[in-house]
Amino acid sequence: MAYRRSSYARKAFRKPYRKYGSTGRKRRYFKKSTTSRKNGSSLQKMIRQEAAKVLRGPRRKVSLVAVPERVPFFSESDLLQYSYFRVPVTQSISLQPGSRNKVFVKGICVRMKISYAQSVAVTGVCYPAKVQTVAIPVESMSVTDGMEMKSFLLGQKDGRSVRLMTLEETNFLHKDGPFAVVPGRGSDEKGSARWELDSNDQTLFTARLAKGAGAPLGKVRWRTEKNGPTKEGTTFHEEFHVNGIMRTLNWGAPGGHVQMDTRNVEVYFLVGKELEFSDSVSGIPVFEPHLELMFGVRAMQVNSMKTHDGQRADIGALEAGTVSDLRVDVYYS
């Protein structure tokens, strides 16, 4: 039968705790500090960030100005559809000598003036332009102290004038767009199913966001007053309201008057994304897809310019307001 020590015997064989070591000096036990671990991890993170900056190259900025300087939008039912405009991002970036085939887009700052004679809504989104087939015309203006200045068309040409785009011209009625779509009624000329926005009023202002490959990128921060509060969201959306009637009854005739309020809007899109390209054309990298912004502005009330006999009053188009002085800064490396 195997001998089994009692609990008292096992305790007796334990090595006793010695307060003092063999040298006679008192032992000290230190708890490992969490501060050193935090400092080490933050240092490693800083080293990784600096290494990434070296690989990306120096920080750069390209500035764009929209032409023409001022484009109107309308509240009349027949013209209310002209509400949207595209803004180039990666199409404005020039290829640098000896640069690699990747570009890190940090963010885009958009500044513009919205003037309005009645309540309006403004929206904006940053998205991969998978649905766009026509590039935004971008022209170089000057290079000063390493900073590029370029221009782009605010809207699209219609004869000799420039107007904002319709919903169909945005190409967002597509599964790869930044806004969700649902099957619509009927089919198009090719027999394919028509798509409609997942929206209450078939506009981008109330549409749900997509979750696929063309979904919006990054976050958006904006403010509409110089020292006003900063707002944040996945997309930019703001409404400006008037408190009363802003025009006289004879506004389109000599002696008539239209009063407009003006807001300075500043929107910053935080992208923080590295994009890769495989080719370039005339020094401009060709990304597949390009990165773009889409903005919309519209009157919140629909007006009719028809008289009691069904004829339209001959006093010109009813302008709800204008988009003007649009400036864009693209930060990249």
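Using the 10 angstrom Cβ neighbour count as an exposure proxy, how do Ser77, Ser161, Ser92 rank, fewest first? Write out the running numbers ahead of the final one.
On the way: Ser77 13, Ser161 9, Ser92 24.
Ascending Cβ contact count within 10 Å gives the list Ser161, Ser77, Ser92.
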Simple label model, 7 Å out from Cα along Cβ direction - Arg111 to Met141, nm: 1.3 nm
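Can you sort Lys231, Lys211 by how many other beta carbons sit within 10 Å, fewest first? Working shown, then result.
Values: Lys231 14, Lys211 9.
Lowest to highest Cβ neighbour count: Lys211, Lys231.
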Vicinal HN-Hα couplings computed from phi for segment 264-281 (Karplus, 6.51 cos²θ - 1.76 cosθ + 1.60; Hz; Gly/Pro x): 8, 9, 10, 10, 10, 9, 8, 9, x, 10, 8, 10, 10, 10, 10, 8, 9, 10
Positive-end residue, segment 58-332 charge dipole about Cα centroid, Cβ charges, pick of Leu79, Thr235, Leu167: Thr235
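Taking a 28 Å limit on the Cα-Cα distance, which of the listed pairs Lys157/Lys226; Lys150/Lys226; Lys61/Lys175; Lys61/Lys113 fall beyond it? Numbers along the way, then the final one.
Values: Lys157/Lys226 33 Å; Lys150/Lys226 26 Å; Lys61/Lys175 33 Å; Lys61/Lys113 22 Å.
The pairs that break the limit, which is 28 Å between Cα atoms, are Lys157/Lys226; Lys61/Lys175.
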Sorted by Cβ neighbour density within 10 Å, fewest at the top, the residues Val65, Val265: Val65, Val265
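Every number in this text was worked out from the coordinates using simple rules, so none of it is lab data. All values derive from a computational prediction rather than experimental measurement. Please note: Cβ atoms are built from the backbone with ideal geometry, for glycine as well, and neighbour counts cover all protein chains shown.
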